[in-house]
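Notes to accompany the following structure.
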Amino acid sequence: MKIAASYIRVSTNDQLEYSPDSQLEKIREYAKQNDMILPEEFIFREEEGISGKKANKRPEFMHMIGLAKKKPKPFDVIIVWKFSRFARNRQDSIVYKSMLRKQLGIDVVSVTEPIGDDKMSIIVEAMIEAMDEYYSINLAEEVRRGMNEKVSRGEPVTIAPFGYFLQDKKLVVDLETAPLVRMIFADFITGMGTRAIAMKLNTMGIRTRRGNRWENRTIEYILRNPVYIGKIRWNPAAQPRRNYNDPNIVIVDGGHEPIIDPETWKKAQDQIAKNKLMYGRSAGAKKCPAYPLQGIVKCSSCGSSLTRMSKGMMQCLAYSHGQCDYSHGIMYNRLESMVYAALAEDLREGEIHIALKILPEKQYESDAIEKQIQREKQKLQRIREAYENGIDTIDEYRENKQKITDRLKKLQSEQITTKPPAKKQLTTKLRSSRQGVMAVLKDPHVGAGEKNILLRSFIEKVVYNKVKNQVEIYYYI
């Protein structure tokens with residue numbers, strides 16, 4: 001008596017196909033009629049909708065193949081409902097069937113497509129596999145054609161991105177998560193890196209659309225997704241990838257409400273381009289700033305950065321390109337001395353002579369934290385009801401309550417008020433948090449890159465006014 005295994009997979013695209021339970025019932029009947037034993041541990045069933053195009057994308061299939069390689073062989077035959085359930089790719093089918101039959105002595109049989117043992121069966125089986133592959137390719141083309149048609153009408157063709165939900169096949173703004181999207185954009189354009197934003201969201205207990213922890217790449221995906229300004233992005237020529245510069249990408253107007261305004265979107269894209277230029281792959285190895293003030297000093301006339309020219313001279317980049325009317329040329333050593341002198345004056349006791357700049361759009365963060373606090377309070381109510389209804393034990397209730405209470409305390413400690421602090425409070429906070437900065441900046445043993453990072457950690461920009469021969473520093477508070 002032979003030991004059998006069964007492999008079951010259902011495609012969501014085939015509405016006429018037997019369900020997994022129906023397939024298994026027929027497979028059990030086949031095994032019984034052919035004097036085979038089908039143990040429960042050798043029934044391999046993929047989750048519904050798993051693609052059959054590539055074998056390595058099917059975990060249960062790979063588990064079955066892995067077991068088949070053990071010695072002595074655990075089963076003698078693999079039963080499938082159709083050969084297309086085993087593989088819709090001829091290359092995979094040939095490779096795995098050949099390995100199973102020739103190397104391991106395990107046959108693959110189909111309940112609905114019986115094949116004999118004569119030489120003609122080789123041709124019949126090859127024809128079935130070719131037809132299955134043709135069906136798979138043709139179906140993929142039809143699905144892609146339908147997606148292209150939907151995109152042309154401005155309709156979404158994927159799951160709703162973070163910040164939206166699908167309703168009647170349209171994207172609708174999610175009032176709970178949309179403020180988080182705005183917070184991500186606001187944080188990024190005001191100097192926070194993608195990794196820092198991801199850590200912030202994880203600390204707040206927020207999860208991605210798929211329930212995962214945030215990473216820098218998921219933050220970048222949001223920052224680069226034009227869906228947030230009312231667009232639909234689609235690549236008709238390839239599977240979705242994080243190749244944002246693929247020439248085949250199509251961007252059309254969507255029929256949904258944007259979450260981000262065009263000005264914020266442009267600032268974010270400009271910041272991404274600037275970051276890629278300085279630190280991205282196109283720039284080769286990550287480059288350290290050549291001097292402490294790199295990228296920090298701005299022209300008072302047009303707002304462009306002052307950059308190093310020849311012989312240690314700094315100049316407005318826009319002016320050097322003919323796009324600014326006023327020269328801001330100054331020797332770097334002199335500019336550095338002016339900035340350090342102004343910074344030292346600001347950090348000393350006494351009247352502060354600069355305008356303290358508060359990070360814009362902090363309200364988005366406050367709204368997001370407040371919504372998360374409300375969600376945690378709702379969780380508290382639910383676990384209490386679960387305990388009162390006898391679903392959770394007293395120990396489970398205490399453990400869950402402690403976890404939620406800890407998260408609430410952390411969120412409440414981070415909650416941002418909409419009312420800005422008094423200037424005196426801001427000045428005190430700035431000075432108390434930046435003790436020792438001047439010593440680091442004047443230390444010859446500290447590299448230019450480290451000094452640049454230190455300055456960027458609390459300075460948004462330094463504006464140089466050539467006419468007044470002065471600098472004005474704007475701080476992050």
### Task
Being closer than 10 Å to Tyr228 by Cβ and either among the aromatic types (Phe, Trp, Tyr) or at pLDDT 90 or above (or both) is the filter here, so list the residues in segment 157-172 that pass it.
Phe162, Gly163, Tyr164
### Query
When segment 436-466 is examined, which residues are found to be touching a residue at least 60 places away in the same chain (Cβ under 8 Å), over 36 Å from the mean Cα position of the chain (by Cα) and surrounded by fewer than 17 Cβ atoms within 10 Å (Cβ to Cβ)?
Met438, Lys442, Asn465, Lys466
#### Entry: Top-ranked residue in segment 169-191 [being surrounded by fewer than 16 Cβ atoms within 10 Å (Cβ to Cβ) and not in a strand (DSSP E or B); ranked as nearest to the chain's Cα centre (by Cα)]
Glu176
### Message
For segment 289-314: of the residues being polar (S, T, N, Q) and not in a strand (DSSP E or B), which is farthest from Asn469 (Cα to Cα)?
### Response
Ser310
### Task
Specify the residue that is modelled with the lowest pLDDT; the eligible residues are those in segment 394-433 that are of a type in the set (Val, Ile, Thr) and surrounded by 11 or more Cβ atoms within 10 Å (Cβ to Cβ).
Ile416
### Where Lys231 falls short, out of the listed (1) in contact with a Gly (Cβ under 9 Å, 6 or more places away or on another chain); (2) modelled with pLDDT under 80
(2)
### Task
Tell me which residues, restricted to segment 192-215, are within 19 Å of Gln269 (Cβ to Cβ) and not in a helix (DSSP H, G or I).
Met192, Gly193
### Query
Any idea which residue in segment 11-34 is modelled with the lowest pLDDT, counting only those that are of a type outside the set (A, V, I, L, M) and closer than 16 Å to Pro114 by Cα?
Gln23
### Query
Say we look at segment 287-302 and pick out the residues that are over 17 Å from Ile453 (Cα atoms) and without any contact (Cβ under 8 Å) to a residue 40 or more places away in the chain; which of these is surrounded by the fewest Cβ atoms within 10 Å (Cβ to Cβ)?
Cys302
### Summary
Expected single match for polar (S, T, N, Q) and surrounded by 21 or more Cβ atoms within 10 Å (Cβ to Cβ) among Thr203, Thr208, Thr194 is Thr194
### Message
I need the full set of residues from segment 315-351 which are in a helix (DSSP H, G or I), over 16 Å from Lys466 (Cβ atoms), among the charged types (D, E, K, R) and in contact (Cβ under 8 Å) with a residue 12 or more places away in the chain, in order please.
### Response
Asp346
### Task
Evaluate segment 91-110: report whether one residue or more is among the acidic types (Asp, Glu), part of a loop (DSSP other than H, G, I, E, B) and at pLDDT 70 or above.
no
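The values are calculated or read from the model by the stated rules, or taken from the named source; none is laboratory data. Given the structure is predicted, the values throughout are model-derived calculations rather than measurements. Methodologically, a virtual Cβ is constructed for each residue, glycine included, from the backbone with ideal geometry; neighbour enumeration extends over all protein chains shown.
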